[in-house]
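**Q** Before we start, here is the structure in question, set down as structure tokens.
What follows draws every value from the coordinates through simple rules; no lab data is involved. Since we're looking at a predicted model, the values are computed, not measured. As a convention, Cβ positions derive from the backbone with ideal geometry for all residues, glycine included, and neighbour counts pool all protein chains shown.
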Amino acid sequence: MISLPQYTRKDLLIFSGMLPVMLLVLNSVMFDVRYFTEWKVFVWSSLIMAVVISILWTGLTWIAVTLRDRFPLHEQLMKRLSIAIFLFIVSTALCITLIFWGYDHFHLFGYRMNEARYEWTILAGMVFNITITFIHEGADGFDKWQTTLKETSQLKMEYMQSRLLGLKSQVNPHFLFNCFNTLSSLIHENKEQAEAFLDEMSKVYRYLLRSTDEQFVSLATEMQFTQSYYKLLKARYGDALQMETNITPSAAAQMLPPLTLQMLLESSYQLNAMSKEQPLTIHINSLPNGWLEIRNNLQPKLGEITEETDAGIDNVINKFRLLCHREIVITSTEQERVILLPLINEDSLKR
């Protein structure tokens, strides 16, 4: 199926509004009062002109879309508009010339070539080209503003949900009970380990409080928090939980939303059974193409999938979709699940 080029979502509305005006002006310039007094001229010339304008409109829209893809940056706007208007005027002039030649050559409706009317029609076409171009740019700018406003609002909701999920998973009584129970045991068994556990616990909560006001953090910062969070889980699960990391210095400087790894780590241990004999192993590796890989073996619990776990994954997906306009990649086999995250370059955040 052939899809027509579309510059804005309001193309059809703009075309519907401008077509009657263009038909009236162009035909009245060509035929003068005959256009209004002879019904055959009015009907058939309007029909012919409507078909020609529709074809020309489609061609000019294709040119506009091509130039927008070729010069997408805001600072390239004047260059793009200059080239577009020039091509529009040339294309319209050629089309009008073809119409006048055809009418004169085939003596349609008794028409005879009139150079003065031809020049006025060319001028009218130029005015229409410039006017419609700026109407389209205004509509396109309005569309982008609406899209940005919608994405910003949605992103704020995602961050509020992210903070709630992150804090809920750490501050809920069940988690606190496990942490304090582990700490109590360590105090009696090994005071040095108890102090280390308390230190990691304070790092986790300090990061949670700080990250609520940050939109992005470096991967290095996120990994420091993830290591502290992992140590709390490790104290509880022991050898049943393993985590291996391999992050290059260049990847560590890249950015991502805070608490991203915590949500993915949490979903891994909540969804999978683990034991000393069959540990859950999580690998976090940076890839040379600017992506981060989170890989874990699968040994699913029965009936343990919760809405909160699914919401955490959905939250990560939505944040990356809004922030980078890119999708994270999740693949699963019977043996393992692999999640690929696109890291964000810090320089792109300054633009």
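**Q** Considering Cα pairs under 8 angstrom that are at least six residues apart, work out the relative contact order of segment 11-149 and quote it in whole percent.
**A** Here the relative contact order equals 27 percent.
**Q** For Ile282, enumerate residues with amide H under 5 Å from its amide H, sequence gap 5+ or separate chain, H modeled in the peptide plane.
**A** Gln242, Met243, Glu244
**Q** While we're here: Taking a virtual spin label 7 Å from the Cα of His188 along the C-beta vector, which residues in segment 209-251 bring their backbone nitrogen under 17 Å of it?
**A** Output list for this probe position: 236.
**Q** Long-range amide H contacts for Val217: which residues qualify at under 5 Å (H placed 1.01 Å from N, peptide plane, sequence gap of 5 or more or a different chain)?
**A** Close amide H contacts, sequence-distant or interchain: Leu256.
**Q** Given the rule -39500 (n - 2.57) for each run of at least 4 DSSP H residues, summed and divided by the residues of the chain, what is its mean residue ellipticity at 222 nm, to the nearest 500 deg cm²/dmol?
**A** -23000 deg cm²/dmol
**Q** Let me ask something else about it. Taking the Cβ of Ile339 as the center, what net charge do the other residues with Cβ under 9 Å away carry, scoring Lys and Arg +1 and Asp and Glu -1?
**A** Around Ile339, the surrounding residues sum to +1.
**Q** Setting aside same-chain residues fewer than 8 positions from Lys276, which lysines have a Cα under 23 Å from its Cα?
**A** The reachable lysines, counting only those whose Cα sits under 23 Å from Lys276, are Lys231, Lys234, Lys301.
**Q** A follow-up question, please. May I ask you to list the lysines whose Cα is less than 26 Å away from that of Lys156, ignoring any residue fewer than eight positions away on the same chain?
**A** Counting by Cα, and skipping residues close in sequence, Lys156 has these lysines nearby: Lys144, Lys168, Lys203, Lys319, Lys350.
**Q** Which distance in Å, rounded to a whole number, links the C-alpha centroids of segment 75-91 and segment 254-285?
**A** Segment 75-91 and segment 254-285 have Cα centres spaced 52 Å from each other.
**Q** By count of other Cβ within 10 Å, fewest leading, how are Ile89, Ile99 ordered?
**A** Ile89, Ile99
**Q** Which part of segment 321-336 falls in the paramagnetic zone of Leu298, meaning amide N under 20 Å from the point 7 Å along Cα-to-beta-carbon?
**A** 328-336
**Q** Counting Lys and Arg as +1 and Asp and Glu as -1, what is the net charge of the other residues whose Cβ lies under 12 Å from the Cβ of Lys150?
**A** 0
**Q** So how do Met18, Met30, Met274 line up by other beta-carbon neighbours within 10 Å, fewest first? The partial results should precede the final answer.
**A** Numbers: Met18 16, Met30 23, Met274 20.
Least crowded to most crowded, the residues run Met18, Met274, Met30.
**Q** Using 0.36 nm times the number of residues separating Ile247 and Leu73, minus their current alpha carbon distance, what extension gain do you get?
**A** Additional length available on full extension: 59.3 nm.
**Q** Net charge near Leu87, counting Lys/Arg +1 and Asp/Glu -1 over other residues with Cβ under 14 Å of its Cβ?
**A** Working: positive: Arg68, Arg70, Lys79, Arg80; negative: none.
Net charge in that neighbourhood comes out at +4.
**Q** For Arg295, Arg112, Arg210, which order do you get if you count the other beta carbons within 10 Å of each Cβ and list the fewest first?
**A** Ranked by crowding around the Cβ, least crowded first: Arg112, Arg210, Arg295.
**Q** Grab the Cα-Cα distance for Leu4 and Val127, subtract it from 0.36 nm times how many residues apart they are, and report the gain in nm with one decimal.
**A** 41.8 nm
**Q** How big is the C-alpha Rg of segment 172-350 next to the rule-of-thumb value 2.2 N^0.38 Å, as a ratio?
**A** Ratio of Cα Rg to 2.2 N^0.38 Å: 1.05.
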